[in-house]
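The values are calculated or read from the model by the stated rules, or taken from the named source; none is laboratory data. The structure presented is a predicted model; accordingly, all values stated were derived computationally and were not measured. Counting neighbours? That spans all protein chains shown, and the Cβs are built from the backbone with ideal geometry, glycine included.
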Amino acid sequence: TLRWVPGHSGVHGNEEADKHAKRASEGHHNDSPVNCLPRYLRHRTLPLSISALKESQSKNTAERWTHLWRTSPRFHHINRLDPRILKRSF
């Protein structure tokens, strides 16, 4: 038997779960008693997700590349020729 199941929007239980999940993900309200956590999480922070690590690494790489490029002698020469050349996305 197939039965229609509503999405998150407007369903009280799901709205409550979303609210608590968002609050927990912000990390500012760590109100879980330590003794209720699994042993491996009691003395350290939660591990980062793979996607969070990739996003952080990409951001750091882009910032580092931008710094290296802007401080290189070639940047000033190319920027004088056409300042828009490196602002295009590929």
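At-a-glance table
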read-out: Cross-chain or 6+ apart pairs with Cβ under 8 Å, the stretch 29-48 first and part of a loop (DSSP other than H, G, I, E, B), then surrounded by 10 or more Cβ atoms within 10 Å (Cβ to Cβ) and modelled with pLDDT of 70 or more; value: His29/Arg23; Leu48/Ser56
read-out: Residue among Arg23, Arg74, Arg80 that alone is part of a helix (DSSP H, G or I), over 24 Å from the mean Cα position of the chain (by Cα) and modelled with pLDDT under 85; value: Arg80
